[in-house]
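*Asks:* The structure that follows is given in the form of structure tokens.
Please treat every number below as a calculation from the coordinates, not as lab data. Values in this document were obtained by computation on a predicted structure and should not be read as measured data. Neighbour counts run over all protein chains shown; Cβ positions are idealised from the backbone, glycine included.
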Amino acid sequence: MIRIALAGNPNSGKTTVFNALTGSQQKIANYGGVTVEKKEGAFKSKKGKNIIVLDLPGTYSLDATSPDEQIAQEVLLGLRKDTEKPHAIVVVVDADNLERHLYLTLQLKETGTPIIIALNMMDIAQRHNKKINIEELSNKLGVPVVPMVARSELGIQALKDFLEEEKFTSIDIQRKWKLSPPLEELCSRVSQKLVLKNLVAEEVSDFYARGLLRTKNSPLSQVLKLPEDLQKYLTQCLNQLAWQGIHFSEEEISARYQWIEKILSTVLHHPSESQITWTEKIDKVLLHKVAGPFIFFGLIAILFQSIFTWATYPMDVIDTTFGWLSVQVENIVPSSFLRDLFVEGVIGGVGSVIIFLPQILLLFFFICLLEDTGYMARAAFLMDRLMARVGLSGKSFIPLLSSFACAIPGVMACRTIENKRDRFTTMLVAPLTTCSARLPVYALLIGAFVPAIPLAFGLTLPGVTLFGLYLLGIIGVIGAAWVFRKTIFRGEAPPVILELPTYKMPQLKVVLRNMWNRSKMFVRRAGTIILSMSIVLWLLSSFPKNPELENKLVLEGASPQVVSSNMLEQSYAGRIGKFIEPVIKPLGFDWKIGIGLVASFAAREVFVSTMATIYQVEGADEESLSLRESLQRDTNLTPLVAMSLLVFYVFACQCMSTIAIVRRETNSWRWPLFMVAYMTALAYVAALLVYQVGSILF
Amino acid sequence: MYQPDKYNQWLFNFINRVHEIEEKAFENELLAKDLTYTEIHVVYELGKYEAPQPMNVIAQDLQITQSSLTSLVNRIEEKKYLKRTRDESDRRIVSLELTERGNKLNYWHTQFHKNLTKKIREILNPGEVDLFFNTLQKLNHSMSIPLTADQLKPGQVARIESIRSDGSTKTRLMEMGVLSGTKIKLLKIAPLGDPFEIQVRGSLVSIRKQEASQIEVSLSEEVYV
Ligand SMILES: Nc1nc2c(ncn2[C@@H]2O[C@H](COP(=O)(O)OP(=O)(O)OP(=O)(O)O)[C@@H](O)[C@H]2O)c(=O)[nH]1
Ligand SMILES: [Mg+2]
């Protein structure tokens with residue numbers, strides 16, 4: 001069994017190679033920092049050998065500055081307890097940007113682990129008329145080089161064959177670049193001491209010596225368990241370097257780059273005027289002073305409008321299908337407890353959520369396009385100044401943008417942020433961004449209460465309202481971040497260095513796969529958490545039965561509607577709702593909404609299925625109404641209450657998974673609990689304001 | 001013998017002496033009493049041209065931003081040394097023109113400068129004069145305030161002379177290939193004036209103005225990185 005790791009600079013195509021090698025479906029997108037975890041996969045070679053492949057977060061160097069880079073660093077150096085050191089490293093190198101990518105390659109080679117260069121993006125290098133002498137490159141570096149276009153799976157088989165034969169075992173790892181003579185001497189002195197004490201093998205002693213000389217608290221010193229005298233000696237050396245004003249790491253970096261420049265002069269031939277002009281031209285428009293922001297907001301407006309207009313047709317189809325299904329079941333199956341559970345709980349509850357699948361798919365389609373073209377990082381560039389105002393950075397912008405899909409990847413993407421205060425702030429405010437789970441709630445309430453009045457530029461009132469809710473979420477993010485940066489996470493705004501990827505044609509395959517995975521996830525959620533919540537809710541709202549009260553009401557001549565409404569009120573669910581009603585009354589919510597709020601603490605969409613179930617139970621004997629119509633008929637639900645409810649959902653933290661992920665990323669219960677507390681308080685106050693002020697005005 | 005303290009003292013005494021003489025020269029005139037040292041220099045700079053000059057030309061000559069020049073000009077205009085005029089062909093362009101008063105001030109100012117060099121020539125012998133002015137020129141040339149990356153204009157290519165920022169930021173920049181001697185090109189400045197998109201070694205990197213201002217550069221004639 002062989003274990004290999006994929007390493008490389010961010011956005012070099014590691015995950016693309018990983019997916020091609022192992023047939024996995026990990027997320028690929030055109031910006032750095034997509035992968036923030038180590039992912040394992042495997043493939044069987046022709047000879048039946050099992051080869052395990054590790055995908056890692058991208059990193060610029062082995063001296064990590066952020067948590068995601070640290071994962072890569074620890075795995076590659078074998079510092080992690082849960083992961084064995086890989087037998088070989090496949091360094092995924094961008095052929096279009098050789099100079100920079102070879103830097104990490106050299107560093108990796110010095111670790112002593114055999115490396116293979118996967119020279120990726122050959123298509124782009126070719127388009128830019130760059131001629132790379134692969135044999136020469138391989139000779140100069142003393143490392144095998146496999147050219148490839150991972151995106152079209154060219155060269156993947158060659159890499160597989162290579163890994164199978166394990167040709168990588170004997171590799172010359174002596175570094176070929178030199179430091180200034182005094183530093184060289186220092187290095188060899190330290191490395192000799194390391195070897196004498198039997199701490200490291202001769203071949204890698206130089207690598208460890210330099211690692212120890214670079215920084216005071218290098219992770220290497222813990223691994224090596226340095227004896228005290230050596231530790232003392234090192235401290236002395238470091239102090240002396242500091243005294244002389246020598247930055248060891250800076251000297252090292254310069255020396256490596258000089259060597260790279262030297263070898264590339266014979267390896268790489270390119271016409272100087274061909275570089276990046278394509279991307280430069282697009283940036284001239286998309287990052288233009290006036291046009292840039294205009295296009296940015298225009299894109300967003302189109303997104304929201306299309307969610308309302310384009311998605312209607314498939315939604316109608318789904319709606320009719322579920323309606324038809326209920327009728328069929330009711331016609332075929334005789335009236336019974338199980339039938340009611342199935343029709344009212346399962347079909348009613350799950351169907352009410354599934355109907356929003358087209359809207360969610362559209363949202364993901366747009367996000368995918370933005371991510372895959374390379375626009376995402378540009379959006380971060382355009383917004384950086386605004387983010388700086390509240391003490392955040394463009395680095396925080398990408399996790400926040402991912403949170404529009406779902407807060408969970410958003411929170412995880414915070415690993416790319418170096419500064420801890422910045423990272424925690426971003427993590428705590430990320431769940432305020434409007435995630436796709438809120439979309440069903442928004443769409444339902446807007447659809448029911450906001451009339452489709454056309455406005456200017458082909459926009460309609462519902463589209464604009466939706467935009468407004470997203471905007472409110474963004475304002476929440478900015479406001480909360482500002483407050484946190486002024487209070488609990490006070491400190492200067494850290495410097496931000498963000499790489500902007502070159503534009504790439506989005507791949508239909510990747511976009512479709514992403515949407516497919518998303519819809520699978522959505523349907524799975526509907527089939528598990530929402531299904532079970534729907535059943536539980538149906539049971540809670542149908543029991544206890546109270547035949548005496550029912551008979552009494554019927555005898556008194558109450559209409560069937562009043563009867564079932566009374567029955568719901570005295571059910572378990574009704575009692576829960578009644579119990580919290582006093583608390584939410586000031587927001588304009590009655591006990592039925594109360595049930596929805598309590599239920600949706602598990603997940604936001606559950607609100608929709610809960611309301612569907614409740615209205616179905618309540619309206620049991622009537623002709624079945626769509627959920628939207630039921631909402632409109634409910635006299636307690638005025639447009640103002642709907643507004644207040646919408647605002648509540650903008651800010652409330654109703655997602656178990658988010659709480660769990662924040663707990664994992666911060667490694668404490670303190671922050672997730674704090675997050676729930678502040679978001680709930682914010683939601684309550686905002687909804688209160690809307691309802692109370694609204695009541696006075698209207 | 002090298003005597004740093006004494007040298008410094010002489011150097012600053014000399015600079016102060018020149019200032020003093022200049023101030024005295026104007027004190028004897030009724031003119032310029034109401035102007036500050038910098039304001040006098042704005043007037044002097046404008047006087048070098050025959051015709052009215054657009055604001056940005058003067059700002060560039062003085063190496064200050066247009067906005068700080070605007071506030072200076074406001075004050076000087078109030079004191080009637082210069083006036084704003086608008087271009088006949090393009091009304092948006094604002095030019096500056098000296099008034100009678102301003103011209104008079106400049107006459108005295110030139111007179112002072114002439115006197116200063118004359119005085120130096122009287123004190124030193126011809127060989128020393130050449131040596132003195134050649135040395136001054138050499139110092140001026142290499143002691144100019146360095147250009148930093150945040151002052152580049154979109155499309156300009158420059159060579160990095162040195163990076164001033166602190167430890168970890170500098171290291172990260174260097175690891176990304178931003179080293180002394182590397183050529184960079186400023187591609188775009190974000191609409192709100194920050195951050196900057198720069199091209200370096202075939203990659204595009206966004207850095208904030210703060211970081212850019214720590215990168216000393218010298219302009220390069222080339223168009224491509
Ligand atoms: N033209 C071209 N594009 C490629 C190639 N390989 C990958 N890409 C694109 O490069 C981008 C980045 O690919 P990823 O696989 O996500 O890169 P990564 O190295 O995993 O990135 P991080 O996880 O963020 O570090 C995507 O847009 C890919 O479609 C290639 O050979 N040619
Ligand atoms: Mg990846």
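*Asks:* Can you list residues whose amide H is under 5 Å from A:ALA42's amide H, if they're 5+ apart or on another chain and H is modeled 1.01 Å from N?
*Replies:* Sorted by chain and number, the residues that satisfy this are A:VAL53.
*Asks:* Under 5 Å between amide H atoms, partner at least 5 residues away or on a different chain: which partners does A:ILE115 have, H built in plane at 1.01 Å?
*Replies:* Result for A:ILE115 returns A:ILE89.
*Asks:* Could you tell me which of A:PRO586, A:MET611, A:VAL563 has its Cα farthest along the dipole of region A:532-635 towards the positive end, charges placed at Cβ (Lys, Arg +1; Asp, Glu -1), taken about the Cα centre?
*Replies:* Checked the options; the winner is A:PRO586.
*Asks:* If you don't mind, there's one more thing I want to ask. Using the Karplus curve 6.51 cos²θ - 1.76 cosθ + 1.60 with θ = phi - 60°, work out ³J(HN,Hα) for each residue of region A:135-152 in order, rounded to whole Hz, and write x for Gly and Pro.
*Replies:* Whole-Hz 3J(HN,Hα) from phi for region A:135-152: 4, 4, 4, 4, 5, 4, 8, x, 9, x, 10, 10, x, 7, 10, 4, 4, 9.
*Asks:* What's the average, rounded to a whole number, of partner chain beta-carbon atoms within 10 Å of each residue's beta-carbon in A:627-637?
*Replies:* Neighbouring Cβ atoms belonging to other protein chains average 0 per residue here.
*Asks:* Here's something else I'd like to know. If one puts a single equal scatterer on every Cα of region A:2-164 and applies the Debye formula without solvent, what log₁₀ I(q)/I(0) results at q = 0.15, 0.18, 0.20 Å⁻¹?
*Replies:* So the normalised log intensities work out to -0.73, -1.10, -1.40.
*Asks:* Right, next: Please list 3J(HN,Hα) in residue order for region B:179-195, calculated via the Karplus relation 6.51 cos²θ - 1.76 cosθ + 1.60 where θ = phi - 60°; whole Hz, with x for glycine and proline.
*Replies:* 10, 4, x, 6, 8, 10, 10, 7, 8, 9, 10, 4, x, 8, x, 7, x
*Asks:* Taking the Cα centre as origin and putting +1 on Lys and Arg beta-carbons and -1 on Asp and Glu beta-carbons, what dipole magnitude results for the protein assembly as shown, to the nearest 20 debye?
*Replies:* It comes to approximately 1040 debye.
*Asks:* Shifting gears a bit: Points 7 angstrom from Cα along the Cβ direction at A:HIS247 and A:SER336: gap in nanometres?
*Replies:* Using points 7 Å along Cα→Cβ, the separation is 7.7 nm.
*Asks:* Among A:VAL285, A:VAL329, A:TYR60, whose Cα sits farthest toward the positive end of the charge dipole of chain A (+1 at Cβ of Lys/Arg, -1 at Cβ of Asp/Glu, about the Cα centre)?
*Replies:* The residue sitting most towards the positive pole is A:TYR60.
*Asks:* Let me ask another. Could you check the simple spin-label distance between A:ILE318 and A:ALA677, using points 7 Å along Cα→Cβ, in nm with one decimal?
*Replies:* Taking the simple label geometry, A:ILE318 and A:ALA677 are separated by 3.8 nm.
*Asks:* Ok, one more. How much of the calculated P(r) for the protein assembly as shown lies past 47 Å, in percent of all Cα pairs?
*Replies:* Across the protein assembly as shown, Cα pairs with separations above 47 Å total 43 percent.
*Asks:* Taking the convex hull of the alpha carbon atoms in region A:110-245, what volume per residue do you get, in Å³?
*Replies:* Normalising the Cα hull of region A:110-245 by residue number yields 158 Å³.
*Asks:* Quick check: Cα centre of region B:100-176 to Cα centre of region A:537-583, how many Å?
*Replies:* If we compute the Cα centre of each part, the gap is 88 Å.
*Asks:* Also: Among B:131-141, B:190-200, how do they line up by average Cβ neighbours within 10 Å per residue, starting with the highest?
*Replies:* The densest-packed peptide leads the list: B:190-200, B:131-141.
*Asks:* For chain A, take the longest principal axis of its alpha carbons; what is the angle in degrees between that and the long axis of helix A:181-196, to the nearest 10 within 0 to 90?
*Replies:* Computed tilt is about 80 degrees.
*Asks:* How large are Rg and Dmax for region B:149-220 when only the alpha carbon atoms are used, in Å?
*Replies:* So, for region B:149-220, Rg and Dmax equal 10.8, 29 Å respectively.
*Asks:* Shape verdict for region A:622-675, please, from the Cα gyration tensor: rounded (a/c under 1.5), prolate (a/b greater than b/c) or oblate.
*Replies:* Prolate.
*Asks:* Same structure again: How high is the FRET efficiency between B:ILE93 and A:ASP123 when r is their beta carbon distance and R₀ equals 45 Å, given to the nearest 0.05?
*Replies:* About 0.35, to the nearest 0.05.
*Asks:* What is chain B by shape, rounded, prolate or oblate, if you read a ≥ b ≥ c off the alpha carbon gyration tensor as root eigenvalues and call it rounded for a/c under 1.5, prolate for a/b larger than b/c, and oblate otherwise?
*Replies:* Here chain B falls in the oblate category.
*Asks:* If you take each beta carbon of peptide B:179-191 and count the beta carbons of other chains within 10 angstrom, what is the mean?
*Replies:* 5
*Asks:* Here is a further query. Mind ranking A:38-45, A:377-384 by how tightly packed they are, going by the mean number of other C-beta atoms within 10 angstrom, highest first?
*Replies:* A:377-384, A:38-45
*Asks:* Hey, can you rank A:305-314, A:591-600, A:632-641 by average C-beta count inside 10 Å, highest first?
*Replies:* Answer by packing, highest mean first, reads A:591-600, A:305-314, A:632-641.
*Asks:* Turning to a different aspect of this structure: Pop out the ³J(HN,Hα) list for region A:41-57 in order, Karplus 6.51 cos²θ - 1.76 cosθ + 1.60 with θ = phi - 60°, rounded to Hz; leave Gly and Pro as x.
*Replies:* Couplings: x, 8, 9, 9, 7, 4, 7, x, 6, 8, 10, 8, 10, 10, 8, 10, x Hz.
*Asks:* Here is the link list: A:LYS81/A:LYS262; B:LYS24/B:LYS119; A:LYS49/A:LYS109; A:LYS44/A:LYS504; A:LYS395/B:LYS183; A:LYS545/A:LYS592. Which ones come out longer than 27 Å on Cα distance?
*Replies:* A:LYS81/A:LYS262; A:LYS44/A:LYS504
*Asks:* Give me the inter-chain shielding for A:379-385: mean count of other chain Cβ atoms within 10 Å, whole number please.
*Replies:* 5
*Asks:* May I ask for the angle, rounded to the nearest 10°, between helix B:100-123 and the longest principal axis of chain B, with both axes built from Cα atoms and the value confined to 0 to 90°?
*Replies:* The helix B:100-123 is inclined about 90 degrees to chain B.
*Asks:* Another one. Please work out the Cα center distance from region A:242-259 to region A:45-64, rounded to the nearest Å.
*Replies:* Taking the Cα centre of region A:45-64 as reference, the centre of region A:242-259 is 30 Å away.
*Asks:* Further question: If each residue's Cβ is checked for other Cβ atoms within 10 Å, how do A:TYR375, A:TYR470, B:TYR49 rank with the fewest at the top?
*Replies:* The fewest-first ordering by Cβ neighbours comes to B:TYR49, A:TYR470, A:TYR375.
*Asks:* Helix A:277-286 sits at what angle to the longest principal axis of chain A, using alpha carbons and giving 0 to 90 degrees rounded to 10?
*Replies:* 30 degrees
*Asks:* By the gyration tensor of its Cα atoms, with a ≥ b ≥ c the square roots of the eigenvalues, what is the shape of region A:441-509: rounded for a/c under 1.5, prolate for a/b over b/c, or oblate?
*Replies:* Here region A:441-509 falls in the oblate category.
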